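Asker: Questions regarding the structure given below will be posed in turn.
Every read-out reported here was derived from the displayed coordinates using simple, explicitly stated rules and does not represent laboratory data. Everything quoted here is computed from the prediction, not taken from an experiment. Note: ideal-geometry Cβ built from the backbone for every residue, glycine included; neighbour counts use all protein chains shown.
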Amino acid sequence: MSVAVDYYFSLISPYAYLGHAPLLALARETGAHLRYKPVRIFELFSANGGLPLGQRAPARQRYRVVELQRARAERDVPLNLTPKHFPVDPGLADRCAIALMRAGRDPAQYMDTVFRAIWAHDEDIADRGVLARALRDAGHDADAILAAADTGAVAEVYQDNTAAAIANDLPGLPGYVLNGEPFWGQDRVDALRAALVSGRAPFLAGAGAAPR
């Protein structure tokens, strides 16, 4: 049986976009099974000490721009630092990913298309038409998935994912959790790879010897 990695994300996150392809490549390399878990990102921020971009100190906002440029160059992907439609409500886009999983479909290609819609093509991912096209382009029944995304059952999964991300001590997204060990940020994919390849026991808060 393959090892499972819980993949917490929101489709509005540029860092989740930057980490998406490397994480998929890691899963193919190691045989890890990804469990996709869209999260209500602003609730996660509120619970675990993060702040929405506009509420961060100016120095942190400026540093974010530097960091995004660095990651964009490293990952070699298109990324608009100031997209036309940001921030927007990612709820429907995220819930479509949940609806896909509940229908037994792989959401990875849809996710990549939506990430690129906001971060490379200046499209509004709160627009149902944009999402319908992303679903169709990924080979899905757009009308059925969008309808499912509006159901209470999908909303409940979205909330449960958020509670799980909070419980796993993730300050932001993306987050990857392996055997209870959290890895926060697209720049932690290599650390996740090392843990998967070595098969080591998880590093957990409160475990091990006292700090020196």
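Asker: Say we join alpha carbon atoms closer than 10 Å with springs in a Gaussian network model of the chain; which of ALA132, ALA201, ALA59 then has the biggest fluctuation?
Answerer: In the Gaussian network model the winner is ALA59.
Asker: Which whole-number percent of Cα pairs in the chain have a distance greater than 28 Å?
Answerer: When all Cα pairs of the chain are counted, 26 percent exceed 28 Å.
Asker: For ALA4, enumerate residues with amide H under 5 Å from its amide H, sequence gap 5+ or separate chain, H modeled in the peptide plane.
Answerer: HIS33
Asker: Using DSSP H assignments, which helices in the chain have an axial alpha-carbon span of 24 Å or above and a mean Kyte-Doolittle hydropathy of -0.5 or higher?
Answerer: Helix filter hits for the chain: 14-30.
Asker: What is the antiparallel percent of DSSP beta bridges lying wholly in the chain, to the nearest 5?
Answerer: 55
Asker: Moving on. Which order do LYS84, LYS37 fall in if you start with the one that has the fewest other Cβ atoms within 10 Å?
Answerer: Ordered from fewest to most neighbouring Cβ atoms within 10 Å, LYS84, LYS37 come out as LYS84, LYS37.
Asker: Based on other C-beta atoms within 10 Å, arrange THR162, THR151 from fewest to most.
Answerer: Taking fewest neighbouring Cβ atoms as first place, the list is THR151, THR162.
Asker: Mind listing the Cα extents of the range 40-130 along all three principal axes, in Å, largest one first?
Answerer: Ordered largest first, the range 40-130 gives principal extents of 43, 33, 22 Å.
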